[in-house]
1. Here are some conditions: (1) modelled with pLDDT of 85 or more; (2) assigned to a helix (DSSP H, G or I); (3) buried (at least 20 other Cβ atoms within 10 Å of the Cβ). Ile103 meets all but one. Which one does it not meet?
2. Can you go through Glu509, Glu516, Glu466 and tell me which one is more than 18 Å from Ala435 (Cβ to Cβ), out of contact with any strand residue (DSSP E or B) (no Cβ under 6 Å at 6 or more places or on another chain), open to solvent by 30 Å² or more (accessible area, probe 1.4 Å) and at pLDDT 85 or above?
3. Within the set of pairs 6+ apart or on separate chains, which have a first residue in the range 755-782 that is touching a residue at least 60 places away in the same chain (Cβ under 8 Å) and on the phi < 0 side of the Ramachandran plot, a second that is surrounded by fewer than 17 Cβ atoms within 10 Å (Cβ to Cβ) and of a type in the set (Phe, Trp, Tyr), and C-beta atoms under 8 Å apart?
4. All but one of (1) touching a residue at least 60 places away in the same chain (Cβ under 8 Å); (2) surrounded by 14 or more Cβ atoms within 10 Å (Cβ to Cβ) hold for Gly641; state the number of the condition that does not hold.
5. If you go through the range 893-902 one residue at a time, do you hit one that is small (Gly, Ala, Ser) and at pLDDT 90 or above?
6. Output the residues belonging to the range 40-57 that are part of a strand (DSSP E or B) and among the charged types (D, E, K, R).
7. Conditions: (1) in a helix (DSSP H, G or I); (2) free of Cβ contacts under 8 Å to residues at least 12 places away in the same chain; (3) open to solvent by less than 50 Å² (accessible area, probe 1.4 Å). Met279 meets all but one. Number of the miss?
8. Run down Glu31, Glu19, Glu26 and say which single residue is at pLDDT below 85, among the charged types (D, E, K, R) and exposed (fewer than 13 other Cβ atoms within 10 Å of the Cβ).
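The values are calculated or read from the model by the stated rules, or taken from the named source; none is laboratory data. Everything numeric in this text was worked out from a predicted model, so none of it was measured. Because the Cβ atoms are built from the backbone with ideal geometry, glycine has one as well, and the counts that use them run over all protein chains shown. Each accessible area value is taken on the protein alone, full model and side chains, heavy atoms only, with ligands, DNA and RNA left out. Shrake-Rupley method; radii C 1.70, N 1.55, O 1.52, S 1.80 Å.
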Amino acid sequence: MSLNLISLLCKDITKMWMELKRMTDEIMQQESSPLCAVDITDDLNKQFAFLSGGRGENGSPIITFPEFPAFSEIQEREFHNVLTYLTSIPSLQAAGVGFILIIDRRQDKWTSVKGTLLRIAGSFPGNLQLVLVLRPTTLLQRTLSDILFKFNKDEFKMKVPVIMLSSITELHSYIDRTQLTQELGGTLEYCHEKWISHRSAIEGFALMVKKTAQTLQSFGTELAETELPNDVQATTNLLAVHLEKKDKMKEDLQIALNQGNRLLESINEPIVKDPDYKMNQDEMENLATVQRLLSQLDETEMAFDEFWEKHHTKLQQCLQLRHFEHSFREVRAQLDLVSDRLATFSDVGNSPIHVEHIVQDLCSYEEKACEVLDRAKDLACEGDQLIEDSHYAVDSILPKCNELRSVTEELVEDMKAKKALLHKSMELHQSLEKAVKWYDEGIFLLASQPVDKCQSQDGAESALHELERFMDTAAQHKLQDLGAIWRDYETVLNQDFRDHVERVFQKQEGMEEMFEKRRVSLKKLAAKQTRPVQPVAPRPEAFLKSPLSSPGYPRDSPKNSPTDSDALHRINFRKGDHHSSSGGRNDCLSEEEENLAVLRRHVMNELLDTERAYVEELLCVLEGYAAEMENPLMNHLMPVGLQEKKFILFGNMTEIYEFHKRIFLRELENYTDYPELVGSCFLKRMKDLQIYEQYCQNKPRSESLWRQYSDCAFFQECQKKLEHKLGLDSYLLKPVQRITKYQLLLKELLKYSKNCDGAGDLQDALAAILGILKSVNDSMHLIAITGYEGNLNDLGKLLMQGSFSVWTEHKKGHSKVKDLARFKPMQRHIFLHEKALLFCKRREENGEGYEKAPSYSFKHSLNMTAVGITENAKGDNKKFEIWCNAREEVYIVQAPTQEIKTAWVNEIRKVLTGQLKACREASQQKSSDQVFQFPSPTTASVNSSSPFKNNQRGTKKGDEKRTEPASPDACLNSSPSPKHPDKGKGWVKASHSLDASEENEGYSSAEEPLNSSDAEEEGGKKLTPGKYTVVADYDKGGSEQLTVKSGEMVQLIREGEDGHWFVRNLSTSKEGWVPAANLLTLIGDSKSSQSLSSSESGSGSSNLSTSSSCSETYTPSSFSDIKG
């Protein structure tokens, strides 16, 4: 059909084109004078010859040669051009009859007559009929003319008669007066200038008509030969170009018509002025010529219009087709996308909530898909309209319309099938959920029935009725027929779904079996009281007590062994073999384990359900908000300040989602049936869970950005699409809520898993989660510190942080200077790092939410390598001291509670002890091979106690507590310090000598001289810690005194309060106390193999002290804490 239409259209266009071409050819083939008036205007203006418009009797055109004295001076070219032009003006018919020449030489001479005749005879371009000569009127010239004409007649060589006329009267006898101009005695009006003007206008108009015809023919050829483009843009451009050319062509035609009409009015002007005016023959021919040209123009314009209408229709239909084809390709691609997206809805879900979410997604996508389907239907209707409008491409349009309708119907049916499948899946999932809930309620009922109350007949009957009432609801909740389920839900049952149904059915059967066993047991108990009780053992009460509660019960009895009984019933419980006894402890244990297992299952189900919901919520936020921030179609709704801020708003939520979706949720599901073992899963992924720290650190920035733009149209539109009742801020809080939820769930699991195999892992997982929460909380405080110029990461791990009241005092020389605010403490927030203590001032901020979180202004810091502590400060058991630089700077810190104080003191102690250990290991490694000899010793006291136990001889009750030196063993040289009455108990800093060349990092330089013991002061010699070689035997035989022999190596560890030194015999590994006086005799002038003064080492600097970094003022019990 379309081919026929195309063929007919092409035939019509071809026919119109041929008609237009014929007309234009006709115009162009019209002969035109080789000369135009415009070309010889100057020659014509001389008027030596003119065509007056008169005619002879037989219609011969008359050419008049008026009196022209300078005729002989006319150039041959001019003469030839004028005669040629004049002879070309009359019609071919008139010119064929021949021209009549009237030569007026009345005022001239014979020579002029002769010259004129000779020129005419030699070069006249047309046919001659008659030549009339008005000879000279003077007597002489007339006579000469008569005589000489007779003799020279043959010289003119003219085939027509030449008549010599003596007067105008004779001329009138040959030519009618009405055909002669007034100069020749006629009545014919003639204006040479007007004649030239008319001739120029007529010839110009004819030329314009010819050019217009040529342009029309060229344009028609271009249109006829144009190939139709294959795309919309090219077709549109072609149509625009052709329209522009057509309009230009119409303008040219109109200009030509206007010019012809003006010329026609000019020719008809005499008649308009004088209705009686009679046109001469030339005027009538001019009028006819103009009218003919105008008629040809009108016909050509009509033919062009018809041709253009066909061509324009063809182009418009072509453009319509290209638009239809382009829209078809777009819609077809969108339909393919819809089909592919529908193919992804193949999941039947794993729970009613999951299925409901899939249904919601499908319904939401259906709304979007309906837009595509509606567009496809509209496009098909548009194609039908084109066919009804007799479009030439019906064979191309019709199949596309049919294809659109077919694909649309298939997609609609596919959507209906998907919905039906999901509703079927929802129905089965709800049945399974109902059965599982019924199962859980049944298990809970079994676990909640108190065994002790069932020992009586009434209690057993009551429990039995309870079970029977519950079993009466089985028809409403349980899965009835597994075969019917396979048959009715075959379309939705994949392998996983089928396995799930089988597991629920097995659990259901297992529970019913348990109910039946419980029912049998309760029936026995209910009937028990009707029979007499026969004691079968000397101690029948043993059967009523738990074997575990009877310490005197025989442990070798296989029947009542507590261990065997517990193990047996735990195994039976897990296997589902619940054998009831007549009131023994075995049933009680099984019931308790059943109860705990049910509770663990409830907690595990809550963990899995909330985890799945959490993952779905994260996905919803990422797709519904985060992805939309990069959607170009939503840019107009997004404020400029919100653009490029996706990471600030959502933080690392994508990373959190990927971890939970791909890893954590799947691993948790592996522990569905083993909830007590899920702690190992948390421990395995504890490092991954630290990603929450980054999210929480970004939360204040996210909260601030949200509050700034929460009311913008972008968020409102996203919330509307998602159909969320809560705003985005509620969902941004989900990760924070989730990480805190884990510790609550782990606590619950641990509560119900005390005696299970995985209890240890649950405890460790709980501790690790709490550690992450503490780390997150600490990091939130850290990022609020302002004014610290260094890098907080260089201070090591943040161990503790909290708010305290702080007093300070400083010692300069022998005087002590206290802060002016001594009795008004400063409020400081202290951050304890591994390498430093930071003192900050807490500042509350205005605002809401995270914007109300406090900030901390940094005040000062203490390097942990220059810090000492005093555990108890005078006046308050919640106070302790932090000091440095030989107590020149003392900070008295008051904690909110004594427990907080104890925790801080213990943590600082751990840091300092760690530094002590590192310092000791470094020093012993460097000096392990150096040994010096000593002179013979005298006597020494011996004590075999450990050097780190607070066993100081001669210490009185109530004496001050001393600071345990915290330097390496070989680097100690301690002595009692003067008492400070204002300090109460406790020692101030003890000095520890270290060679500056051995240790140059982490310790501050001591600013006071080393103290010596009493013995050293008396003998004038100082004892220093270190290793020495004994040069004499020493044995006092006491129980606490050390025995050494000459040649053995000893190590001086530390000095006591009463002038004794604690010494270790490195040969025998024994330890004890030795009086300082005896040591002077033992070591003589020997030097320590490990302790050198700064002068001996040549360092040129004062002794280095570790006391300010590693010393603490401890109670006696604190020494054992350090070593423990």
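1. (2)
2. Numbers: Glu509 fails: more than 18 Å from Ala435 (Cβ to Cβ); Glu516 fails: more than 18 Å from Ala435 (Cβ to Cβ).
Going through Glu509, Glu516, Glu466 in turn, just one is more than 18 Å from Ala435 (Cβ to Cβ), out of contact with any strand residue (DSSP E or B) (no Cβ under 6 Å at 6 or more places or on another chain), open to solvent by 30 Å² or more (accessible area, probe 1.4 Å) and at pLDDT 85 or above: Glu466.
3. Gly758/Tyr674
4. (2)
5. Taking the range 893-902 first, the residues small (Gly, Ala, Ser) are 895.
So of that shortlist, the ones also at pLDDT 90 or above come out as 895.
Checking the range 893-902: at least one residue is small (Gly, Ala, Ser) and at pLDDT 90 or above.
6. At the first step, the residues of the range 40-57 found to be part of a strand (DSSP E or B) are 50-55.
If the condition is that a residue be part of a strand (DSSP E or B) and among the charged types (D, E, K, R), then Arg55 is the only one that fits.
7. Unmet condition: (1).
8. Numbers: Glu19 fails: exposed (fewer than 13 other Cβ atoms within 10 Å of the Cβ); Glu26 fails: exposed (fewer than 13 other Cβ atoms within 10 Å of the Cβ).
The conditions single out Glu31.
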